[in-house]
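The values are calculated or read from the model by the stated rules, or taken from the named source; none is laboratory data. Not measured: the values here are computed from a predicted model. All Cβ positions, glycine included, derive from the backbone under ideal geometry; neighbour counts span all protein chains shown.
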Amino acid sequence: MGKIQEIPASERPQEKLEKYGAARLRDEELMAIILRSGVQGKNAVALSREVLNIIDNHLNHGINDLKDFPNHRLEGIKGMGKVKQAQINAMIELTYRFGRKEYKDVVLASAEDVAKACVDFRDSRKEHMAVFYLTTRLQVIKREIISIGIVDATIVHPREVFEHAIRVSAHSIIITHNHPSGNADPSQADIQLTRRLKEAGRVVGIEVQDHIIITKTEYKSMKDEGLL
């Protein structure tokens, strides 16, 4: 299958979207609109189908695995250059950011509330550290991922946490990160980082309410454990 023009006009993704709306399009047709073009011997729909098959094989733990999707998996596809990889990465990141907005104004009154608000990365194979910026009533102003990878006191700097807290006029914050190991017990590095952030918060007048460690099956509050 070659150029998209060889497909009947009524079946081309762009025309179908304009006529019927995005909900009527197949996954590969939606992706074809994003990629815009195919390669020699393979139109945008066929190329998109190949891309989606590779992505689908990566989703062992659901859609949240997309945040950890390794770009090199796409490099073996003919025509999948840097521009098309960038288009896919931008789509994934936008989807992720829009998903985070659903937490705005949610009240985090317990560690369980926090764990539920982190379902998108709680079972990720990489450590994700998130900060919830809160109002006086513990309503979420914004949630921000500030670190992906190893979370410790040498990588996460209090300045970047509290600069943003001040910018959004947060009254307090809740810190959370996942343990890919499945063990929610706080490590010494977790305790050290929390103490640094708590002290920095005291200096600027923004309270650290809690630090929640989460896994796929459990969570632990450092406040409840007497470690805050």
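Quick look at the numbers
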{"item": "Set ALA184, ALA189: member being assigned to a loop (DSSP other than H, G, I, E, B), farther than 17 Å from ALA109 by Cβ and aliphatic (A, V, I, L, M)", "result": "ALA184"}
{"item": "Among residues of the stretch 207-228, those that are more than 16 Å from ASP113 (Cβ to Cβ) and over 23 Å from the mean Cα position of the chain (by Cα), counted", "result": "5"}
{"item": "Residue within the stretch 133-150 that is crowded, with 16+ Cβ neighbours inside 10 Å, assigned by TED's automatic domain parsing to the domain that holds GLU199, under 15 Å from MET222 (Cβ atoms) and under 21 Å from the mean Cα position of the chain (by Cα) present", "result": "no"}
{"item": "Meets criteria (at pLDDT 85 or above, part of a strand (DSSP E or B) and over 13 Å from the mean Cα position of the chain (by Cα)) for VAL114", "result": "no"}
{"item": "In the stretch 151-181, the residues that are hydrophobic (A, V, I, L, M, F, W, C) and part of a helix (DSSP H, G or I)", "result": "VAL161, PHE162, ALA165, ILE166"}
{"item": "Tally of residues being of a type in the set (A, V, I, L, M, F, W, C) and touching an Asp or Glu at 6+ places or on another chain (Cβ under 9 Å) across the stretch 181-205", "result": "3"}
{"item": "Odd one out for GLU112 among (1) touching a residue at least 60 places away in the same chain (Cβ under 8 Å); (2) farther than 16 Å from LYS223 by Cβ; (3) surrounded by fewer than 18 Cβ atoms within 10 Å (Cβ to Cβ)", "result": "(2)"}
{"item": "Residue in the stretch 204-224 that is of a type in the set (Ser, Thr, Tyr), touching a strand residue (DSSP E or B) at 6+ places or on another chain (Cβ under 6 Å) and closer than 18 Å to ARG159 by Cβ present", "result": "no"}
{"item": "Subset of the stretch 200-220 [in contact with a helix residue (DSSP H, G or I) (Cβ under 8 Å, 6 or more places away or on another chain) and either closer than 14 Å to VAL131 by Cα or among the charged types (D, E, K, R) (or both)]", "result": "GLY201, ILE206, GLU207, VAL208, ASP210, HIS211, ILE212, ILE213, ILE214, LYS220"}
